[in-house]
Amino acid sequence: MLTTRPLHSDFGTEVLDFDPARLDEPGYFDALHQLFETRSVLVLRGQRMNDEQQVAFSRRFGPLEKTKTGTVGTGTPLVILTNLDEAGNVIAPSHRQWLEGLGNQLWHSDSSFKPIPALASILSARIIPAHGGETEFVSMRAAWQALPDKLRARVEGRVGVHDYAWSRSLISPDLMTDAEREELPPVRQAMVRVHPQTGEKGLYLGSHLARIEGMNDADGRSLIDELTAFATREGSSYTHRWQAGDIVIWDNRFVMHRGRPYAPTLKRLMVRTTVAGDGPTLGQTEEARAVAPASTGRPGVGL
Ligand code: OGA
Ligand code: MN
């Protein structure tokens, strides 16, 4: 039903003939959704969706998160990632909005600092710089599969503390506002995630992961750094070189991503919608996860 090509041997698929006009045909969205579940990153080129079309398309994957305080687009389902001000002029690199963008250049998984982290992110390219500004992805399922047994044993069953204040402190000590601090206290997350239908495992790391419960800070940090280095090692990533009109969809449960640098004088405008997760990463046994219903009719999240 869909013509595809792989982006990396481990993960990632480009759909070459995606046609939004066919989304209501029986089985069409299901085929796309199935690819999302198995391949973790989907690329759809030449879409040029506007905000309304992007929101409507994204909602097919599930309820959307509302954008947190302190981010352009707050209170709506849209995250606006840009170095442009409201008049369309480039902002200075000293501007808070530019520093926020630098935060996205650290390997991360979206919303891992929320009690229920995001399922999927859907990012559309509206204005892209001539050089730089790519987005790079790694598969955390592939990382888990390749992880040496000794490292697996050190991480299995552990709980990670994800803290937005931590990841922002890596960029600038006063980047996080009081309102963000209030809204986003640290949260506990599983360090190994399990796919609810297939039982496949993935490492769950990222810039917001500040420490590991039950380990002192130095040991926790060195384990996090070792795991991150392994997951992002040479040859493990797919780098998306954007064209205006591209849509990239990724599974935050099983990939990390990071933005790549670009010159602050060049214009970049990206719009993200974020599909809410369906439950906490802890507190469900693997057995319970295995019988959890498919991702429909989920109460109490987002819009
Ligand atoms: C995001 C993100 C990186 C980029 O949209 O969540 O981290 O390249 N983007 O814009
Ligand atoms: Mn992100």
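General remarks:
- Helices (runs of 4 or more DSSP H) fully within segment 107-173 that include at least 3 residues being of a type in the set (A, V, I, L, M) and within 16 Å of ligand 2 (Cβ to nearest atom): none found.
- Whichever residue in segment 269-303 is part of a loop (DSSP other than H, G, I, E, B) and among the charged types (D, E, K, R) and, among such residues, is modelled with the highest pLDDT: ASP278
- Taking segment 213-268 as the range and being open to solvent by 40 Å² or more (accessible area, probe 1.4 Å) and part of a strand (DSSP E or B) as the test, only ARG258 passes.
- In segment 97-137, the residues that are open to solvent by less than 10 Å² (accessible area, probe 1.4 Å) and aromatic (Phe, Trp, Tyr): PHE137
- Condition check for ALA165: hydrophobic (A, V, I, L, M, F, W, C), open to solvent by less than 50 Å² (accessible area, probe 1.4 Å), within 16 Å of ligand 1 (Cβ to nearest atom) and over 15 Å from ALA142 (Cα atoms): no
- Candidate set from segment 76-96 (those that are open to solvent by 20 Å² or more (accessible area, probe 1.4 Å) and closer than 30 Å to GLU37 by Cβ); member that is modelled with the lowest pLDDT: THR76
The values are calculated or read from the model by the stated rules, or taken from the named source; none is laboratory data. What you see is a predicted model, and the numbers here were worked out from it, not measured in a lab. Ideal geometry is used to build each Cβ from the backbone, glycine not excepted, and the neighbour counts take in all protein chains shown. Ligands, DNA and RNA are stripped out before the accessible areas are found, and what is left, the full protein with its side chains, is counted by its heavy atoms. Shrake-Rupley method; radii C 1.70, N 1.55, O 1.52, S 1.80 Å.
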